[in-house]
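Read-outs: derived from the displayed coordinates by stated rules, not from any lab. Just so it is clear, the structure is predicted and the values come from calculations on it, not from any experiment. FYI the Cβ positions are ideal-geometry reconstructions off the backbone, even for glycines, and counts take in every protein chain you see.
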Amino acid sequence: QVRLRESGGGLVQAGGSLRLSCAASGGTFSDYALAWFRQAPGKSREFVARISRDSYHTGYADSVKGRFTISRDNAKNTVYLEMNSLKSEDTAVYFCAATSSRVPIITDYSSWGRGTQVTVSS
C-alpha cells in the first residue's frame with residue numbers, strides 16, 4: 001500500500017500562486033494513477049485534478065481548469081499541483097490520492113495523504 005504525504009500549503013493572497021507536493025513511499029510509484037482532492041470547511045471533499053501513470057492523461061475540475069496544473073516525477077516519487085490565480089474559494093485542505101486502477105474513476109482512489117491546508121486571503 002502506497003503512503004502519501006502532502007506539503008507546500010500555506011497562506012497566500014488572492015491572485016497568488018502555490019505549488020503543492022505529494023511524496024509517495026511504500027510502493028512502485030509508476031504503478032499508480034494520482035489525483036488531488038480538496039475539502040473546504042463545511043463542504044464535502046471534491047475532485048481537483050488527476051494524472052495517469054505515465055503523465056499522458058490529465059483531467060481537471062471545471063473550477064480550476066486553466067489555473068491549476070498537475071504533474072508528476074516518477075523518478076522522485078512525487079506528484080505536484082501548481083496553483084495559479086488563486087481565489088478565496090480555493091481555500092481548503094488539499095489531499096493527494098492514489099489508485100492502482102488502470103482506468104480509474106473517482107471512487108477508485110483508495111490511498112490518501114493527511115492533507116495540507118491552503119488559505120487564500122481576499
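The table below lists the values:
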{"item": "Cut-off 10 Å between beta-carbons: net charge of the residues surrounding residue 58, Lys and Arg +1, Asp and Glu -1", "result": "+2"}
{"item": "Gained length - residue 1 relative to residue 87, 0.36 nm times residue gap less alpha-carbon distance", "result": "27.5 nm"}
{"item": "Net +/- balance of residues flanking residue 114 in space, Cβ distance below 9 Å, scoring K and R +1, D and E -1", "result": "0"}
{"item": "Within a Gaussian network of the chain (alpha carbon springs, distance under 10 Å), most fluctuating of 63, 44, 110", "result": "44"}
{"item": "Antiparallel DSSP beta bridges within the chain, percent to nearest 5", "result": "90"}
{"item": "Gain on full stretching of the segment that runs from residue 46 to residue 108 - 0.36 nm per residue minus C-alpha separation", "result": "20.9 nm"}
{"item": "Dipole moment magnitude, nearest 20 debye, the chain about Cα centre, only Lys, Arg, Asp, Glu C-beta charged", "result": "120"}
{"item": "Proximal lysines to residue 87, defined as alpha-carbon separation beneath 19 angstrom and excluding residues fewer than eight positions away on the same chain", "result": "43, 65"}
{"item": "Point-to-point label distance, residue 71-residue 19, nm (Cα→Cβ direction, 7 Å offset)", "result": "0.7"}
{"item": "Under 11 Å, Cβ to Cβ, from residue 7 - net charge with Lys/Arg +1 and Asp/Glu -1", "result": "+2"}
